[in-house]
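Notes for the one structure printed next.
The values are calculated or read from the model by the stated rules, or taken from the named source; none is laboratory data. Since this is a predicted model, take the numbers as computed values, not measurements. Reconstructed Cβ throughout: ideal geometry from the backbone, glycine too, with neighbour counts over all protein chains shown.
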Amino acid sequence: MGTTLFDKVWDSHVVKKIQDGPDVFFIDRHLIHEVTSPVAFLGLKNRNNTVLYPNKTFATADHNTPTINQHLPVEDPLSANQLKALEENSAEWGIPHWGLGHQKNGIVHVIGPENGITLPGATIVCGDSHTSTHGAFGAIAFGIGTSEVEMVLSSQCIMQPKPKKMRININGELGLGVTPKDVALFIISKLTTSGATGYFVEYAGDVFKSMTMEGRMTVCNLSIEMGARGGIIAPDEKTYDYIKGRLFAPKGEDWDTAMKYWKILKTDEDAIFDKELTFNASEIEPMITYGTNPGMGTGISNQIPNANEVEGGITTYKKSLNYMGFEEGDTMIGKKVDYVFLGSCTNGRIEDFRAFASIVKGRKKAANITAWLVPGSHIVEAEIEEEGLLAIITEAGFELRQPGCSACLAMNDDKVPPGKLAVSTSNRNFEGRQGPGSRTLLASPLVAAATAVTGVVTDPRTLL
Amino acid sequence: MAYDKFEILKSTAVPLPIENVDTDQIIPARFLKATERKGFGDNLFRDWRYNPDNTLKKEFVLNNPIYKGKILVGGKNFGSGSSREHAAWAVYDYGFRCVVSSFFADIFRGNCLNIGVLPVQVSAAFLDKIFKAIEDHPATEIEINLPNQTITLLTSGEKESFEINSYKKENMLNGYDDIDYLTKMKEEIKDFAVKRPF
């Protein structure tokens, strides 16, 4: 019997199998940021341990950083303290650190791929659940807790039971205005937020084959929102083209050796998955969420389902709609919106800004909308300017902020005020996620742009 | 950070019959700014426990003196969302040693096991029984027996067994953690590392 792509990568990283226990699992690349690493470094010191391979860990500041005036000292003393801790810990152990203001700084899951840190066949972890992003390259990548960050620092390994395998196939062609974000929100709406818990998901079929690398990153990024530990897509020519020449990508002979390995990274035809699901691209339209978890999403032209039409408890469902201030049967299109957020590790890359600009070009920001446009990294920020997108969005009345996680989790000042409604290209619409009392509708950059220029939830297909 | 050994826990329990409780609810992101593991229990379920003016939300279960104990019972898909271990720390620091649910999110479950909170997964039917028993008698005691891998409603004697792999079970019973294990394996890991292509 053949093996899956996931098996091939996983099994080659098992240092030791523990009977009726986890695998001792080797990590090739470890990404750290200011929020989930300080306690790990503290633990390391308390145990008199050292960092085993400092050159396999990469540090960036992103979660709590301001997105304006990054040249000034960070005002919030707690955030400043975390940033200082990251800088000092990195310096102490010789870990490359791209802090605030560094030209390579940006969101951890944007800068990894951008700089060739993310490679096919690698294992990549970070104290952040959206580490699943890197699976777009045929890597096994997933989020870990702080205890595990300490494990990787001290031993380059973690102890993980091997997840089950699921394959999600989507064939056919996506319709006008349907983006990778919509594909992911569609899958999550079908599976619920726990439908893939215990699994690692491989995405296969026409839709993912024809998707760009950035689109694949968006889909893999959202794997965690269906409960999966991660998602993975087999590498192909697009993957190699994306990686070639990037800062940490293999060069010369190393590249040739790597390519030989990467070419075997695919699922054998006779490999068996624990679960397999198939959808057709024609079922998917631009999506929007209406509740307080990413599984509560629907096609933008639909109405909010009745409690008896959805899986799960009625009490929880009603609590969720009550928080949102919505009623069963409400139409999503036309709901008045206060904030629009374009950015995050889900949709903060250049293609997302291109999509946004394609709609706002020649139009004006609606007066009732406060918009935060936050690039995923300084590299993305530079591309926005070079490609002329900055001129387009500025002309339309928008401002570009500086890179960071920003309003996705609102650890900095970018907080949606209580009761206000935001259309966000980020990944979570949990209660208070974008600030205490904030209400979030997750959607694609196209929906965000259409909403930003009309002031109400808008189907982008009407503006394309 | 080592934790206290876990063998048999007999306690009343706090019921939270809501599904998909995510880690942003367990501890909101704005409370993740510490550089030490201190004080997270104070902010457990912060926005469900407190109004914006920091007064108590009286209707929330943690603010109801009738319900207390070292066991937290949550609805299906408990701990979804962010990987923040701070959520497990908050649960532990508040005083819970065990979370019972019919389904846990992966990362939260792993984080709990790593810091000494025992996640006990029961059937949906048994979870309903627990909620009903606590609703009828808030003083209902529950026994979590790790050596036998059973959870028992002491009022009625109704019992169910739960799964835990033998490695993690040994860790919990002895207060060991994975870092102890990995530290002892360092030479083996180094031998493995030199064979990796990148």
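Data overview
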item	result
Residue match in the range B:83-96 (condition: touching a Lys or Arg at 6+ places or on another chain (Cβ under 7 Å), more than 10 Å from every other protein chain (Cβ to nearest Cβ) and in a helix (DSSP H, G or I))	no
Index of the failed condition, A:T192 passing every other in (1) over 23 Å from A:P235 (Cα atoms); (2) assigned by TED's automatic domain parsing to the domain that holds A:V35	(2)
Residue list for the range A:168-187, restricted to those being buried (at least 24 other Cβ atoms within 10 Å of the Cβ) and of a type in the set (D, E, K, R)	A:K181, A:D182
Tally of residues being away from chain B (no Cβ under 14 Å) and either out of contact with any strand residue (DSSP E or B) (no Cβ under 6 Å at 6 or more places or on another chain) or among the basic types (K, R) (or both) across the range A:331-355	13
Qualifying residue in the range B:172-195 (condition: surrounded by 14 or more Cβ atoms within 10 Å (Cβ to Cβ), basic (K, R) and either under 20 Å from the mean Cα position of the chain (by Cα) or modelled with pLDDT under 95 (or both))	no
Counted residues, the range A:22-39 - those being over 27 Å from A:D11 (Cα atoms) and either not hydrophobic (A, V, I, L, M, F, W, C) or not in a loop (DSSP other than H, G, I, E, B) (or both)	6
Meets criteria (at the interface with chain A (Cβ under 9 Å from one of its Cβ atoms) and among the aliphatic types (A, V, I, L, M)) for B:L154	no
Filter result (of a type in the set (A, V, I, L, M, F, W, C) and touching a residue at least 60 places away in the same chain (Cβ under 8 Å)) within the range B:47-88	B:I66, B:I71, B:V73, B:A87
Wholly enclosed helices (runs of 4 or more DSSP H) of the range A:73-192 bearing at least 1 residues free of Cβ contacts under 8 Å to residues at least 12 places away in the same chain	A:77-93, A:146-155
Checklist (1) buried (at least 24 other Cβ atoms within 10 Å of the Cβ); (2) in contact with a His (Cβ under 9 Å, 6 or more places away or on another chain); (3) closer than 24 Å to B:T183 by Cα applied to A:H134, failing item	(3)
Inter-residue pairs, beta-carbon under 6 Å, first within 14 Å of chain B (Cβ to nearest Cβ) and in the range A:281-305, second of a type in the set (F, W, Y), 6+ apart	A:T292/A:Y323; A:T292/A:F430; A:M296/A:Y290
Given (1) of a type in the set (A, V, I, L, M); (2) within 30 Å of B:K159 (Cβ to Cβ); (3) away from chain A (no Cβ under 14 Å), index of the condition B:L56 fails	(2)
Residues satisfying the stated conditions in the range A:324-335, i.e. over 23 Å from A:A452 (Cα atoms) and surrounded by 14 or more Cβ atoms within 10 Å (Cβ to Cβ)	A:E328
So B:G75, is it surrounded by fewer than 24 Cβ atoms within 10 Å (Cβ to Cβ), under 30 Å from A:S426 (Cβ atoms) and away from every other protein chain (no Cβ under 13 Å)	no
Boolean, A:E385 is closer than 24 Å to A:A80 by Cα, away from chain B (no Cβ under 14 Å) and not aliphatic (A, V, I, L, M)	no
Test: residue in the range B:27-39 that is more than 9 Å from chain A (Cβ to nearest Cβ), surrounded by 24 or more Cβ atoms within 10 Å (Cβ to Cβ) and among the β-branched types (V, I, T)	yes
Strands (runs of 3 or more DSSP E) contained in the range A:334-431 and holding at least 2 residues among the aromatic types (F, W, Y)	A:339-342
Any pair with Cβ under 7 angstrom, 6 or more apart, that starts in the range A:18-30 at a residue that is within 7 Å of chain B (Cβ to nearest Cβ) and ends at one that is buried (at least 19 other Cβ atoms within 10 Å of the Cβ) and at pLDDT below 95	none
Single match in A:G116, A:G43, A:G135 (criterion: within 14 Å of chain B (Cβ to nearest Cβ) and within 29 Å of A:W255 (Cα to Cα))	A:G116
Some residue of the range B:108-125 being away from chain A (no Cβ under 11 Å), surrounded by fewer than 18 Cβ atoms within 10 Å (Cβ to Cβ), in contact (Cβ under 8 Å) with a residue 24 or more places away in the chain and over 15 Å from the mean Cα position of the chain (by Cα)	yes
